[in-house]
Amino acid sequence: MFRERVFDAPSEVGHNTPALPNPLLISGASQLLTLRGRGPRRGAALADLGIIKDGALLVRDGRIAAVGPRAKIEALPESSAAEKLDLGGRVVLPGFVDSHTHLVHAASRAEEYELKIRGASYEEIARKGGGILNSVKKLRAATSGVLKTRALAALKKFAAYGTTTIEAKSGYGLNVPSELKILRLHQELAAAQPLGIVSTFLGAHTVPDDYRRTPAGISQYIALLTESLIPEIASAKLAEFCDVFCDRGAFTRQQSKQILAIAQQHGLAPRLHAEQLSRTGATQLAVQLGAASCDHLEQVNASDIAALSKSSTVATLLPGCDFHLGLQKYAPARKLIEAGAIVALATDYNPGTSPTLSMPMILSLACDQLRMTPAEAITAATINGAYALRRESQIGSLEVGKFADFAVFDVADYREIPYYFGINTCWLTVKRGTVVHAVDKVQI
Ligand code: NIG
Ligand code: FE
């Protein structure tokens with residue numbers, strides 16, 4: 001017989017959060033979405049969730065030891081000794097991999113939200129000293145301790161919506177001490193709580209105020225990035241990726257190339273904010289550089305789509321931005337999928353364009369606005385997100401040997417996850433065998 005006991009929902013997410021029993025047999029899933037098979041997924045393969053009805057998982061030492069139909073997994077010798085968690089007919093899937101966030105920022109920009117509703121555009125607000133520079137001012141003034149408390153609260157919410165790994169970008173510091181403050185915080189946050197954090201340097205988010213006063217300012221700021229910050233960040237291993245906001249009002253394609261080429265020489269893999277407000281050719285640059293991803297893509301043209309379809313650069317779509325900014329032009333997800341691009345979805349959690357950390361909300365937008373099917377959206381938010389972070393051998397699917405990172409939703413059919421928009425149906429989130437979110441007491 002299986003042993004039974006009650007496991008308390010954690011009051012906070014931290015490394016002191018109690019681990020689940022080890023080994024643990026998890027069964028009673030109406031649908032277990034494995035996302036098995038080789039990643040990344042393109043075209044028709046995006047819709048293949050590898051569903052096991054009445055599926056079970058055996059978790060040992062924070063990893064998946066076995067996965068399959070309930071009868072098969074229960075019959076394994078190890079299962080009889082394992083404690084058991086019955087999911088009561090809910091849906092289990094890999095934890096979401098949110099491959100684009102601006103985790104560390106000091107405050108909301110709700111005041112700009114109202115200006116936007118009254119008709120001001122994102123770029124008009126930025127030209128008047130709002131936008132990214134508004135967040136820079138606030139971040140420079142904030143202590144590391146204050147930023148850490150805010151980020152920890154956000155991480156707890158990410159977990160509550162089923163996310164187990166996020167990418168986090170710097171980019172609200174834009175000088176040496178403040179960029180380093182953010183990147184060191186990424187490290188501290190990764191050590192202080194269980195969610196995975198993948199660090200990206202985004203010193204090229206925009207040109208800071210103090211470098212805008214003279215014509216030579218931009219090249220002086222680029223020199224600060226390439227000659228000082230990038231070498232220091234690379235040698236201290238404070239980031240794995242380097243990103244550039246290549247757009248009107250930020251950096252040109254040529255400047256982006258210059259920055260990313262130096263970053264690559266220092267071992268930081270490139271990614272790009274591409275074709276969000278205007279088409280700059282950033283997508284073609286991303287493909288040329290072999291970037292891990294290029295993100296946004298609202299303004300891509302047919303040749304950009306063709307280039308992505310032949311490359312391993314992930315097309316990461318961020319529909320939260322268009323929704324929040326009230327823009328009608330979403331990225332052409334259907335064309336990208338049909339052409340064979342590797343499509344991923346992410347929140348772009350940030351105070352200016354996408355103040356959400358809910359991947360289920362992003363799935364709803366992907367389905368309702370990008371016309372992706374629920375299955376395609378889930379693949380884009382799990383295994384393809386993992387691929388965008390070069391973590392596909394560890395996370396993003398429920399397969400033997402991978403980390404036991406999964407989310408259980410209080411629904412009987414996975415399509416109900418995006419269907420219930422703005423309603424959080426996430427019931428349990430587990431990261432490497434540790435509970436990071438639980439709605440109820442979990443009966444084991
Ligand atoms: O991904 N586009 C540039 N960066 C962010 C917005 C940052 C901000 O407005 O604070 C984005 O949309
Ligand atoms: Fe962004």
Between Ala110 and Gln254, what FRET efficiency comes out of the Förster formula 1/(1 + (r/R0)^6) with R0 = 56 Å and r the beta carbon distance, rounded to 0.05? 0.95
Bins of 10 Å, starting at 0 and running to the largest distance - Cα pair percent for the range 272-421: 12, 42, 36, 10, 1
Phi-derived 3J(HN,Hα) across the range 24-29 with the Karplus relation (6.51, -1.76, 1.60, θ = phi - 60°), rounded Hz, x for Gly and Pro, is 10, 9, 10, 9, x, 7
If r is the Cβ-Cβ distance from Arg213 to Ala75 and R0 is 56 Å, what FRET efficiency results, to the nearest 0.05? 0.20
Length released on extending from Leu152 to Lys128, taking residue separation times 0.36 nm less the Cα-Cα span: 5.5 nm
Projected onto the charge dipole of the range 212-323 (+1 at Lys/Arg Cβ, -1 at Asp/Glu Cβ, origin at the Cα centre), which of Leu318, Phe245, Ser293 gives the Cα projection farthest towards the positive end? Phe245
Restricting to aspartates and glutamates and to Cα separations under 20 Å from Lys53, and discarding same-chain partners fewer than 8 apart, the set is Glu74, Asp86, Glu376, Glu399, Asp405, Asp410, Asp413, Glu416
Unit Cα scatterers, Debye sum, the range 69-119: log10 I(q)/I(0) for q = 0.14, 0.16, 0.19 Å⁻¹: -0.67, -0.74, -0.87
Peptides 205-214, 333-342: what's the order by average Cβ count within 10 Å, highest mean first? 333-342, 205-214
The chain: relative contact order as a whole-number percent, Cα under 8 Å and 6+ apart: 24
So if I average 1/r over every pair of distinct C-alpha atoms in the chain and take the inverse, what Kirkwood radius in Å does that give? 22.0
Shape of the range 165-296, Cα gyration tensor, a/c cut at 1.5: oblate
Just the ratio, please: alpha-carbon radius of gyration of the range 102-223 over 2.2 N^0.38 Å, N its number of residues. 1.14
Can you figure out the FRET efficiency of Ser121 with Val439, using R₀ = 56 Å and their beta-carbon distance, to the nearest 0.05? 0.90
Of the heavy-atom accessible surface of the range 326-381 (probe 1.4 angstrom), what whole percent is carbon and sulfur? 53
Where nothing but the Cβ of Lys and Arg (+1) and of Asp and Glu (-1) is charged, how large is the charge dipole of the chain around its Cα centre, in debye to the nearest 20? 420
Simple Cβ-charge dipole of the range 30-174, Lys/Arg +1 and Asp/Glu -1, about Cα centre, in debye nearest 20: 400
Shape descriptors of the range 138-205 over alpha-carbon atoms, Rg and Dmax in angstrom, are 11.7, 34
Give me the one-decimal nm value for the distance between modelled label points at Ala306 and Ile423, 7 Å along each residue's Cα-to-Cβ direction. 4.6
Dmax and Rg, reported as Rg then Dmax, of the range 381-439 (C-alpha, Å): 12.5, 34
Averaged over every viewing direction, what's the projected area of the C-alpha convex hull for the range 26-83? Give it in nm², one decimal, please. 4.5
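The values are calculated or read from the model by the stated rules, or taken from the named source; none is laboratory data. As the structure is a prediction and not an experimental result, all values here were calculated from the model. So basically every Cβ, Gly included, is an ideal-geometry build from the backbone, and we count neighbours across all protein chains shown. These area figures cover heavy atoms from the full protein model, side chains too; ligands, DNA and RNA do not enter into them. Shrake-Rupley method; radii C 1.70, N 1.55, O 1.52, S 1.80 Å.
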